[in-house]
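Colleague: Pasting a structure here, questions to come.
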Amino acid sequence: MADESKRFKYQNPLKIHLINMPSSHPISTNQKTGWESRISTLLLKLPTKIIYLLGVSAGALGVTSFAPFHFWPGYFISLIVFSLLVISSPTAKEASWRGSSIALGFFGAGVSWVYVSIAEYGQVGGIIAATITFAFVVVLCVFWAFSAWLSWRLIDRFSQIPTSLWITLSLLLGEFFRGTFFTGFPWLLPGYAVENTWLFELLPLGGIWLTSACVILTSSLIASILLKKTNQLVILLAVLIIWLGSAFLTYSPITWVQQTGTLKTTLVQGNIKQDEKWLARMASQSLAYYQQTTIEHLDSELIVWPETAITYSLPQIRPHLKSFSEELAKSNTTLITGVPDLSPNQQDYYNAIWATGDGFGLYYKRRLVPFGEYIPLASYVGPILDVFGMPMSAFKSGDSNQPVLQVGEWGIAPFICYEIVYAEQVRKMVRDSDFLITISNDAWFGSSIGPWQHLQIAQFRAKESGRYVIRATNTGITAFIDEQGQIVAQAPQFKQTTLTAEAKAFTGITPYVNWGYWPTLLLLISCMVFSFLSGLLVRRKSKQ
């Protein structure tokens with residue numbers, strides 16, 4: 001009988017739902033007519049496999065909002081479908097599976113570049129590389145599954161708060177966890193979809209988390225209106241104010257920072273193949289190229305080499321570069337380069353940025369790439385990777401409180417590769433800097449979309465902080481990004497070349513640098529309070 005009961009429940013989801021669901025459930029049994037009723041009925045009657053296929057397809061569409069595609073409506077459509085599927089779910093468990101289907105399509109397409117580095121440079125075959133990539137995507141899906149489950153529970157339990165607000169809070173929380181656990185992976189956050197919209201102007205006010213909140217709130221509101229959910233007036237007003245305010249800032253911008261000078265800068269793109277980069281025979285050849293190219297640009301005040309441009313350790317190479325550094329100093333030129341450093345105990349390696357010549361400073365990378373530069377839970381995972389034949393990295397992370405690099409009279413906040421993704425880390429180093437610099441080696445990801453997404457993220461850091469970003473990479477994309485987040489000069493990918501431009505120094509701080517998360521929290525708390533009060537007022541009037 002138990003089996004028959006389960007089969008009956010599966011074959012008749014609409015009937016069981018109407019009998020058993022409480023009135024506060026996302027799909028209320030209130031009498032509805034028109035298109036919103038047809039949407040609800042359709043979502044209830046669609047076969048589960050079709051719903052999941054719809055979720056995967058909608059998720060994959062969302063990737064088109066990000067670089068290099070820049071079709072901004074794509075991600076909004078993904079979140080609208082996410083909201084519709086969650087609200088219309090008959091159970092919290094089903095909501096989590098539907099949320100997972102969206103995430104599977106989104107991350108499966110959005111971070112597919114991970115496969116390139118594993119397959120080509122991980123010393124494993126295509127099948128194992130695909131398996132590891134899929135496992136990574138599944139881990140990312142867990143956070144969206146949690147957000148969908150939490151959204152359903154909150155909507156079901158607290159019906160007086162708008163559904164759109166619960167979805168926004170839940171998904172933001174899930175994305176925050178995704179950007180935090182095991183150093184985090186805050187890649188493709190919702191806010192990165194707004195580069196070509198008015199919302200881009202909100203970055204100096206509240207950073208990536210404010211734009212992320214606005215994207216989710218807008219999308220979930222549209223879904224709630226489509227399903228004719230009540231108590232959305234406050235959210236509708238908030239969304240209108242956000243978009244109209246962003247439009248005002250686009251056409252009447254506020255100046256938060258002031259230019260204080262310029263710095264003639266040359267970026268050297270070595271274009272060293274990843275599978276040759278660490279070979280002993282290439283170490284001296286690549287170093288010779290970087291040195292010779294630098295000598296040809298001593299008219300620049302700053303010359304930047306990419307991440308681990310020097311493959312010797314710093315203690316090994318420092319004595320050999322002494323005369324070279326003295327020549328740089330005489331020309332009033334600072335060299336900043338990526339180089340591995342070895343601790344005095346000869347046991348710990350650091351991924352570092354070193355400034356020499358007319359400048360000074362040494363910075364150790366703080367945020368290491370999981371499974372690339374360190375192994376989470378190495379005692380457990382390490383033996384598994386050994387079986388697969390994958391090489392293990394064992395870099396140590398630097399201290400959380402490190403000074404900026406000095407280039408003549410200017411302070412430059414340094415970030416190595418992946419670190420530019422962490423908005424809070426950048427925010428905390430902006431106050432002492434005139435520029436931001438990020439060096440990277442995106443050769444790991446070949447001609448995939450990964451390097452373009454990485455460049456876009458750097459543009460957001462520039463806009464948030466009101467600082468030029470100087471970006472030097474091994475194979476591209478080497479670029480200068482101004483304080484408005486716009487690319488002012490860019491070198492072609494996969495070409496050994498240099499890029500010279502006048503980088504502008506700025507002082508002052510944006511509201512985001514000063515306040516961090518608070519504008520986002522203020523927006524959400526205000527929506528929560530006013531929505532609750534609005535609901536109380538409506539209920540009192542209905543009783544009179």
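The values are calculated or read from the model by the stated rules, or taken from the named source; none is laboratory data. Just so it is clear, the structure is predicted and the values come from calculations on it, not from any experiment. Note that each Cβ is placed from the backbone with ideal geometry, even for glycine, and that neighbours are counted across all protein chains shown. Only protein heavy atoms, including side chains, enter the accessible area calculation; ligands, DNA and RNA are left aside. Shrake-Rupley method; radii C 1.70, N 1.55, O 1.52, S 1.80 Å.
Colleague: Output the residues belonging to region 504-519 that are in a loop (DSSP other than H, G, I, E, B) and under 23 Å from Ala213 (Cα atoms).
Modeller: Ile509, Thr510, Gly516, Tyr517
Colleague: Does Ser147 satisfy the condition of being in contact with a Pro (Cβ under 8 Å, 6 or more places away or on another chain), small (Gly, Ala, Ser) and crowded, with 20+ Cβ neighbours inside 10 Å?
Modeller: no
Colleague: Of the conditions (1) at pLDDT below 95; (2) surrounded by 16 or more Cβ atoms within 10 Å (Cβ to Cβ); (3) over 30 Å from Phe506 (Cα atoms); (4) out of contact with any Gly (no Cβ under 9 Å at 6 or more places or on another chain), Phe181 fails just one. Which one is it?
Modeller: (2)
Colleague: Follow-up question, since we're still on this one. Which of the following residues is under 21 Å from Gly62 (Cβ atoms), assigned to a helix (DSSP H, G or I) and without any contact (Cβ under 8 Å) to a residue 40 or more places away in the chain: Val215, Val239?
Modeller: Just a single option satisfies the conditions, and that option is Val239.
Colleague: Report the residue count in region 509-527 for those that are hydroxyl-bearing (Ser, Thr, Tyr) and open to solvent by 60 Å² or more (accessible area, probe 1.4 Å).
Modeller: Within region 509-527, residues that are hydroxyl-bearing (Ser, Thr, Tyr) and open to solvent by 60 Å² or more (accessible area, probe 1.4 Å) number 1.
Colleague: Now, a different point. Out of the residues in region 241-287 that are surrounded by 12 or more Cβ atoms within 10 Å (Cβ to Cβ) and of a type in the set (Lys, Arg), which is nearest to Ser447 (Cα to Cα)?
Modeller: Applying the filter and picking the extreme gives Lys273.
Colleague: Looking at (1) open to solvent by 60 Å² or more (accessible area, probe 1.4 Å); (2) modelled with pLDDT under 95, can you tell me which one Gly535 breaks?
Modeller: If we test Gly535 against (1) open to solvent by 60 Å² or more (accessible area, probe 1.4 Å); (2) modelled with pLDDT under 95, just (1) comes out false.
Colleague: With the structure loaded, tell me whether Arg467 is part of a loop (DSSP other than H, G, I, E, B) and either open to solvent by less than 10 Å² (accessible area, probe 1.4 Å) or farther than 15 Å from Asp442 by Cβ (or both) or whether it fails that test.
Modeller: Yes.
Colleague: Let me ask something additional. State which residue pairs qualify: first residue more than 11 Å from Met429 (Cα to Cα) and open to solvent by 30 Å² or more (accessible area, probe 1.4 Å) and inside region 396-411, second residue small (Gly, Ala, Ser) and part of a loop (DSSP other than H, G, I, E, B) in any location, beta carbons under 8 Å apart, and separation of 6 or more residues or different chains.
Modeller: Here the result reads Lys396/Ser343, each pair linking region 396-411 to a residue that is small (Gly, Ala, Ser) and part of a loop (DSSP other than H, G, I, E, B).
Colleague: Could you give me the residue pairs with C-beta distances under 6 Å whose first residue belongs to region 260-284 and is of a type in the set (A, V, I, L, M), whose second residue is open to solvent by 20 Å² or more (accessible area, probe 1.4 Å) and part of a strand (DSSP E or B) wherever it lies, and which are 6+ apart or on separate chains?
Modeller: Partner pairs satisfying both residue conditions: Leu267/Leu499; Val268/Thr498.
Colleague: Take the residues in region 84-128 that are within 24 Å of Thr64 (Cβ to Cβ) and of a type in the set (S, T, N, Q); name whichever of them is most open to solvent (accessible area, probe 1.4 Å).
Modeller: Ranking the qualifying residues of region 84-128, first place goes to Ser112.
Colleague: Being over 30 Å from Arg366 (Cβ atoms), small (Gly, Ala, Ser) and either open to solvent by 50 Å² or more (accessible area, probe 1.4 Å) or out of contact with any helix residue (DSSP H, G or I) (no Cβ under 6 Å at 6 or more places or on another chain) (or both): is that true of Ser300 here?
Modeller: Taking the combined requirement at face value, the residue does not satisfy it.
Colleague: Among the residues of region 485-512, count how many are of a type in the set (Ser, Thr, Tyr) and touching a helix residue (DSSP H, G or I) at 6+ places or on another chain (Cβ under 7 Å).
Modeller: 3
Colleague: Hey, another quick one. Test of understanding: among Val430, Val469, Val426, which residue is without any contact (Cβ under 8 Å) to a residue 60 or more places away in the chain, under 26 Å from Asn332 (Cβ atoms) and under 23 Å from the mean Cα position of the chain (by Cα)?
Modeller: Val469
Colleague: Which of the following residues is surrounded by fewer than 18 Cβ atoms within 10 Å (Cβ to Cβ) and among the aromatic types (Phe, Trp, Tyr): Phe460, Phe530, Phe506, Phe445? First the steps, then the outcome.
Modeller: Values: Phe460 fails: surrounded by fewer than 18 Cβ atoms within 10 Å (Cβ to Cβ); Phe506 fails: surrounded by fewer than 18 Cβ atoms within 10 Å (Cβ to Cβ); Phe445 fails: surrounded by fewer than 18 Cβ atoms within 10 Å (Cβ to Cβ).
Of Phe460, Phe530, Phe506, Phe445, the one residue that is surrounded by fewer than 18 Cβ atoms within 10 Å (Cβ to Cβ) and among the aromatic types (Phe, Trp, Tyr) is Phe530.
Colleague: If a residue counts only when it is touching a Gly at 6+ places or on another chain (Cβ under 7 Å) and more than 25 Å from Phe66 (Cβ to Cβ), which strands (runs of 3 or more DSSP E) contained entirely in region 391-450 have at least 3 such residues?
Modeller: Values: elements: 405-407, 410-416, 435-440.
Hits in region 391-450: 405-407.
Colleague: Restricted to region 187-211, and to residues that are free of Cβ contacts under 8 Å to residues at least 60 places away in the same chain and open to solvent by less than 10 Å² (accessible area, probe 1.4 Å), which residue is farthest from Ala60 (Cα to Cα)?
Modeller: Leu199
Colleague: Please specify each residue of region 223-236 satisfying the condition of being aliphatic (A, V, I, L, M), farther than 12 Å from Ser534 by Cα and assigned to a helix (DSSP H, G or I).
Modeller: Of everything in region 223-236, those that are aliphatic (A, V, I, L, M), farther than 12 Å from Ser534 by Cα and assigned to a helix (DSSP H, G or I) turn out to be Ala223, Ile225, Leu226, Leu236.
Colleague: If we keep just the residues of region 320-331 that are among the polar types (S, T, N, Q) and surrounded by 14 or more Cβ atoms within 10 Å (Cβ to Cβ), which is nearest to Ile439 (Cα to Cα)?
Modeller: If we take residues in region 320-331 being among the polar types (S, T, N, Q) and surrounded by 14 or more Cβ atoms within 10 Å (Cβ to Cβ), then Ser325 is nearest to Ile439 (Cα to Cα).
Colleague: List the number of the failed condition for Ala501; all other conditions in (1) over 26 Å from the mean Cα position of the chain (by Cα); (2) part of a helix (DSSP H, G or I); (3) within 24 Å of Val257 (Cα to Cα) hold.
Modeller: Evaluating Ala501 over (1) over 26 Å from the mean Cα position of the chain (by Cα); (2) part of a helix (DSSP H, G or I); (3) within 24 Å of Val257 (Cα to Cα) leaves (2) as the failure.
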